[in-house]
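The values are calculated or read from the model by the stated rules, or taken from the named source; none is laboratory data. Computed from a prediction, not measured in an experiment: that's the story for all the values here. Methodologically, a virtual Cβ is constructed for each residue, glycine included, from the backbone with ideal geometry; neighbour enumeration extends over all protein chains shown. Accessible surface is based on the protein model in full, side chains and every heavy atom, while ligands, DNA and RNA are left aside. Shrake-Rupley method; radii C 1.70, N 1.55, O 1.52, S 1.80 Å.
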Amino acid sequence: MADGIPFDRSLDFEYGQVEAVSPLIRRVIAPNGGPFTFHGTGTYVVGRGKVAVVDPGPLLTSHIKALKNALRGETITHILITHTHRDHSPAAAPLKQEWSAPTYGFGPHGGGRIEAGAVVEAGGDDSFMPDVVTTDGDVIEGAGWTVEAVHTPGHTSNHLCFHLKEENALFSGDHVMGWSTTIVSPPDGDMKNYIASLDKLIDRRDDIYWPTHGAPIRDPETFVPAIKLHRLGRENQILQCLKDGLTTIDEMVPQMYANDIPPAMYPAAARSILAQLVWLVQKEQVLAEGDLGIETTFRLP
């Protein structure tokens, strides 16, 4: 099903080592690899001397030590958070303690929805609260660099991408990744918002994306429309399942994902199917019998 997306799962790196990936950007990858994080969280450093850190990562002693070693003799002046999953924001606290740098983010976990604090996939960092609440279009300036916030809800309601003006580059967080599609898990994840956020990026002209996991996306103009087409294809698969008499998510998952992922990943896939179904119900293309959830029975009108 994802054959049309030009994924790049190659990545040359060494854990704990800082690597210059562009004139203004360096990266340190945390050793927290897994089914949702690929090789691990890629923490980005923007600038030289007085720098910004994008997605400081998980609360791992080795990763925090690596960041401090990489930035010895420099000063963190800004800490930018794309969203508040536990593989992205917790290391902000020790970095802030070391350098007294303010944190920038959309809000607390779940802060973009009524269901504040909703836990999805890798889990929410419920302790995070940004020092500077950052919304769509806000500009953050540092020593030799300028970043604009781009609100991209969908994966989480508080997800931000950050555009680095000097390199026309976008730190895309988990909204768009080059190695895998993104999980959209209700109630905080929202498929309608996710597709709208993809459209928002399609309308942009960024030269390169730096996701928090995996390799850079060097052709966003091709890649992002392919991601959108994939999501719409999943929607068509769901409608076909309902036509074939498969009315529960448990029945749909193996039918839709048999050739794409191992069975151990089916629970995560079920969350994304639920997100698609919530949107289809909102569009009145599908009816739900009872409250919307993993156990709900669905049918065509």
Next item on the list: Using a 1.4 angstrom probe on heavy atoms only, work out the carbon and sulfur share of the accessible area of the chain in %.
Entry: 50
Note to self: Please list 3J(HN,Hα) in residue order for region 30-36, calculated via the Karplus relation 6.51 cos²θ - 1.76 cosθ + 1.60 where θ = phi - 60°; whole Hz, with x for glycine and proline.
What the structure shows: 7, x, 10, x, x, x, 9
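How do Glu221, Glu251 stack up against each other in accessible area, from largest to smallest, with a 1.4 angstrom probe? Write out the running numbers ahead of the final one.
Working: Glu221 120, Glu251 80 Å².
The residues order as Glu221, Glu251, largest area first.
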Next item on the list: Rounded to whole Hz and in sequence order, give me ³J(HN,Hα) for region 91-101 from the Karplus expression 6.51 cos²θ - 1.76 cosθ + 1.60, θ = phi - 60°, writing x for Gly and Pro.
Entry: 5, 4, 4, x, 5, 5, 5, 6, 10, 6, 8
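Looking at region 1-76, which GluC sites (Glu not before Pro) are in a loop (DSSP not H, G, I, E or B) and have at most 14 other Cβ atoms within 10 Å?
Loop-located and lightly packed - Glu14, Glu74.
With an 8 Å Cα cut-off and a minimum separation of 6 or more residues, compute the relative contact order for region 44-163 in percent. If you can, show how the numbers build up before the last one.
Numbers: 264 pairs, mean separation 28.8, N = 120.
So the answer I get is 24 percent.
Please tell me which of these pairs span more than 31 angstrom C-alpha to C-alpha: Lys68/Lys165; Lys96/Lys192; Lys192/Lys243; Lys165/Lys228?
Values: Lys68/Lys165 26 Å; Lys96/Lys192 35 Å; Lys192/Lys243 22 Å; Lys165/Lys228 25 Å.
Among Lys68/Lys165; Lys96/Lys192; Lys192/Lys243; Lys165/Lys228, the Cα-Cα distance tops 31 Å for Lys96/Lys192.
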Margin query: Among His88, Pro6, Met191, whose Cα projects farthest towards the positive end of the dipole of the chain, with charges put on the beta-carbon of Lys, Arg (+1) and Asp, Glu (-1)?
Written below: His88
Notebook entry, point to check: Counting pairs of alpha carbon atoms under 8 Å apart in space and at least six apart in sequence, what relative contact order in percent does the chain give?
Noted result: 14
Note to self: Quick query: amide H of Ile208 versus all other amide H atoms, modeled in the peptide plane; which residues come in under 5 Å with a sequence gap of 5 or more or a different chain?
What the structure shows: Leu170
Check: Projected onto the charge dipole of region 189-301 (+1 at Lys/Arg Cβ, -1 at Asp/Glu Cβ, origin at the Cα centre), which of Trp279, Thr296, His213 gives the Cα projection farthest towards the positive end?
Finding: His213
Item checked: Helical mean residue ellipticity (222 nm; -39500 (n - 2.57) per DSSP H run of 4+; nearest 500) of the chain -> -8500 deg cm²/dmol
Next item on the list: Give the angle, between 0 and 90 degrees and rounded to the nearest 10, that separates the Cα long axis of helix 266-282 from the longest principal axis of the Cα atoms of the chain.
Entry: 70
Notebook entry, point to check: Nearest 10 degrees, 0 to 90: what angle lies between the long axis of helix 61-70 and the longest principal axis of the chain (Cα atoms)?
Noted result: 50
Note to self: Charges at C-beta only: +1 for Lys and Arg, -1 for Asp and Glu. How large is the resulting dipole of region 149-301 about its Cα centre, in Debye rounded to 20?
What the structure shows: 200
Notebook entry, point to check: What ranking, highest mean first, results for peptides 42-53, 284-295 when packing means the other Cβ atoms within 10 Å averaged over each residue?
Noted result: 42-53, 284-295
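Using a 1.4 angstrom probe with every protein chain in place, what is the largest-first accessible-area order of Met265, Met252?
On the way: Met265 45, Met252 0 Å².
Ranking Met265, Met252 by accessible area, largest first, yields Met265, Met252.
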Check: What is the dipole size for the chain, taken about its Cα centre, with +1 at each Lys and Arg Cβ and -1 at each Asp and Glu Cβ, in debye to the nearest 20?
Finding: 460
Check: Hey, what do the phi angles of region 178-183 turn into as Karplus ³J(HN,Hα) couplings, whole Hz, using 6.51/-1.76/1.60 and θ = phi - 60°, x for Gly and Pro?
Finding: x, 9, 6, 6, 9, 7
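If you filter region 223-301 for trypsin sites (Lys or Arg not before Pro), then keep DSSP loop positions with at most 13 other Cβ within 10 Å, what is left? Spell out each step's value before the answer.
Details: sites: Lys228, Arg231, Arg234, Lys243, Arg271, Lys283, Arg299; in loops: Lys283.
Passing sites in region 223-301 are Lys283.
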